[in-house]
Amino acid sequence: QVQLVESGGGSVQAGGSLRLTCRASVYAYNHYCLGWFRQAPGKEREGVAAINNFGVTIYTDSVKDRFTISRDNAKNTLYLQMNSLKPEDTAMYYCALVRCGTMIAGSDLWGQGTQVTVSS
């Protein structure tokens, strides 16, 4: 009943922008809060941003003021607008269910991810 499909990744130079998209199943979109996570090679997966059902957002400090999370209720879709990208943003990005109001994953369900690579 829960399906999450990420897209929009790619390769950009430092300072560039990308917009990630997560298409969610109706059940997932309407019953859970959603967030974005990322994992770089050799690193643990970390929370990037999350949004609750009232549109309140939270961000990890390293992306604050550069990334914006949003959702389109009519399309059951989650977005992550990434501006001023840095090489350290390079990672596989995933959307996931989160405990509402936090960047704590709410389940072990993950999509296939979308790769973001930022070169200097």
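The values are calculated or read from the model by the stated rules, or taken from the named source; none is laboratory data. Remember, it's a predicted structure, so these values are computed and weren't measured experimentally. Virtual Cβ from ideal backbone geometry, glycine too; neighbours counted across all protein chains shown. Side chains are part of the model used for accessible areas, which takes the heavy atoms of the whole protein and leaves out ligands, DNA and RNA. Shrake-Rupley method; radii C 1.70, N 1.55, O 1.52, S 1.80 Å.
Within the range 89-108, what residues put their amide N at less than 11 Å from the label point 7 Å along the Cα-to-Cβ vector of LYS43?
Correct set: 89-93.
What 222 nm value per residue comes from the helices of the chain, counting each DSSP H run with n ≥ 4 as -39,500 (n - 2.57) and dividing by all residues, nearest 500 deg cm²/dmol?
-1000 deg cm²/dmol
Given a 1.4 Å probe and every protein chain left where it sits, what share in percent of the accessible area of the chain is carbon and sulfur?
For the chain, the apolar C and S fraction of the accessible surface comes to 47 percent.
Which whole-Hz couplings ³J(HN,Hα) result when phi for each residue of the range 67-82 is put into the Karplus expression 6.51 cos²θ - 1.76 cosθ + 1.60, θ = phi - 60°, listed in order with x for Gly and Pro?
Going residue by residue, I get 10, 9, 9, 8, 9, 10, 5, 5, 10, 6, 10, 10, 10, 9, 7, 10 Hz, with x marking Gly and Pro.
Give the residue from ASN76, CYS33, THR90 lying farthest towards the positive end of the charge dipole for the chain; charges sit on Cβ (+1 for Lys and Arg, -1 for Asp and Glu) and the dipole is referred to the Cα centre.
In the chain, that residue is ASN76.
Only Lys, Arg, Asp and Glu count, each charged at its Cβ (+1, +1, -1, -1), so figure out the dipole size of the range 8-108 about its Cα centre, rounded to 20 debye.
Dipole magnitude for the range 8-108 comes out near 200 debye.
Tell me, what is the percent relative contact order of the range 43-120, built from C-alpha pairs under 8 Å that lie six or more residues apart?
The value is 28 percent.
Residue-wise, which Karplus ³J(HN,Hα) couplings in Hz belong to the range 38-45, taking 6.51 cos²θ - 1.76 cosθ + 1.60, θ = phi - 60°, and x for glycine or proline?
9, 9, 8, x, x, 10, 6, 5
Sorted by accessible area with a 1.4 angstrom probe, largest first, how do GLU6, GLU88 fall?
Sorted by accessible area, descending: GLU88, GLU6.
Excluding same-chain residues fewer than 8 positions from LYS43, which lysines have a Cα within less than 19 Å of its Cα?
Straight-distance partners of LYS43: LYS86.
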